[in-house]
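What follows is one structure encoded as structure tokens, with my remarks underneath.
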Amino acid sequence: MRQLLALLLLVPTTACASGPSTGSGQDAVALRETVLTADEQAALTPYQVIELLREGNRRFVSNDVTLRDHSAMVRKSTDAQYPKAIVLSCVDSRVPVEDVFDRGIGDVFVARVAGNFVNEDILGSMEFACAVSGSKLILVMGHEHCGAVKAAIAGVELGNITGMLTKIRPAVETARARYAGAATADNEEFVHEVCEQNVLDAIASIRLRSPILSGLEGEGRIRIVGAVYDMDTGVVSFLDL
């Protein structure tokens with residue numbers, strides 16, 4: 001009985017001593033608590049931000065992501081935020097933007113709409129992110145197997161979805177004009193072509209419709225770039241860099 005009591009008394013002591021862990025029996029690890037500061041944001045260049053996102057994506061793909069204390073990061077970012085970038089992504093639940101780039105609280109703004117197209121509200125959000133809050137990068141990120149792109153190719157009509165898809169159809173027509181194969185929603189190669197074109201169209205729309213953002217880019221203070229996320233591999237491929 002004494003031996004059993006001794007063992008039971010040891011259990012909570014051992015558990016408390018272990019601290020945060022990876023869940024795989026490894027030694028205790030320190031969780032990242034820091035959030036980006038104004039000075040750190042100001043010191044970054046748009047090219048450095050792109051490389052940081054690339055490095056984070058490599059960690060995501062290799063399942064070597066940063067362990068974070070989210071509660072501490074929430075508290076430390078309460079008074080201000082200094083994100084590196086704003087990412088325009090599709091609403092697709094399989095595209096977790098912060099996770100894909102191994103980013104934490106306060107690291108990136110994220111705007112989401114089915115088909116990752118640009119409208120007035122998205123442009124205003126981007127202007128706030130860059131001109132007001134100091135972000136150095138605008139990333140438009142499409143993804144493979146995009147349901148909105150497939151619906152635009154197929155000519156789906158349903159409620160407000162009908163009007164939404166008109167924002168993507170120009171990319172469908174551009175891709176269709178140059179594509180030699182079957183320009184259908186069940187041809188993944190053509191879907192990829194439309195996905196990339198839709199990203200490029202969004203970038204062009206940002207530059208055309210926002211003198212603020214195009215001016216910041218012209219001054220070298222920000223970059224506006226595109227990428228496609230591959231849901232089969234987790235890899236983000238940047239376009240034209």
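General observations
- Difference of contour (0.36 nm per residue) and Cα-Cα distance, Arg221 to Leu158: 18.6 nm
- Average Cα contact separation per residue, the chain, under 8 Å, 6 or more apart, as relative contact order %: 20
- Gained length - Thr174 relative to His145, 0.36 nm times residue gap less alpha-carbon distance: 8.6 nm
- Electrostatic tally near Cys90: other residues with Cβ closer than 15 Å to its Cβ, Lys and Arg +1, Asp and Glu -1, net -3.
- The chain: angle of helix 169-178 to the longest principal axis, Cα-based, in degrees nearest 10: 70
- Estimated FRET transfer efficiency when R0 is 30 angstrom, pair Asp232-Asn119 (beta carbons, to 0.05): 0.55
- For Ile161, neighbours were defined as the other residues whose beta-carbon sits under 14 Å from its Cβ, and their charges (Lys and Arg +1, Asp and Glu -1) total +2.
- Counting Lys and Arg as +1 and Asp and Glu as -1 over every other residue whose Cβ lies under 12 Å from the Cβ of Phe109, the net charge comes to +1.
- Those residues of region 132-153 whose amide nitrogen sits under 11 Å from the label point placed on Ile212, 7 Å along Cα→Cβ: 132-134
- Distance between the modelled labels on Asp39 and Arg58, one decimal in nanometres: 2.8 nm (7 Å Cα→Cβ projection).
- Set of lysines near Lys84 by C-alpha distance (under 21 Å), chain-local residues within fewer than 8 positions excluded: Lys76, Lys136
Since every read-out is calculated from the coordinates, none of them should be taken as a lab result. Keep in mind that what you see is a predicted model, and the values were worked out from it rather than measured. Note that each Cβ is placed from the backbone with ideal geometry, even for glycine, and that neighbours are counted across all protein chains shown.
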